[in-house]
Amino acid sequence: MGEQQDRGLRLERSSATAGAIEPLLTAAEVGRLLAIPTKRVYEVVGHLAIQLAPHTLRWRLSDIAALIEERRRNK
């Protein structure tokens, strides 16, 4: 189906991730989402982080939502 030029990235429309790259959240954003201090984010959901570079961690919203759902079910 062709290729799409998007911010300098070439995305193949037939690939699973084409046009569907999920935005990543910072620790501060995750903290606001969970209503916890940023420092606690690393303790609570640090294991879900994606390390982009040294000292640069990000989280997928879908991972955070899945963890919340899992903990809700196991309550």
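Computed quantities for the displayed model
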{"item": "Cβ-Cβ FRET estimate between residue 21 and residue 71, R0 fixed at 25 Å, reported to 0.05", "result": "0.40"}
{"item": "Burial ordering of 47, 55, fewest other beta-carbon atoms within 10 Å first", "result": "55, 47"}
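Computed from the coordinates by the stated procedures, all read-outs in this text should not be read as laboratory data. Nothing here was measured: the structure is a model prediction, and the numbers come from that model. Neighbour counts are summed over all protein chains in view; Cβ atoms, including those assigned to glycine, are modelled from backbone coordinates with ideal geometry.
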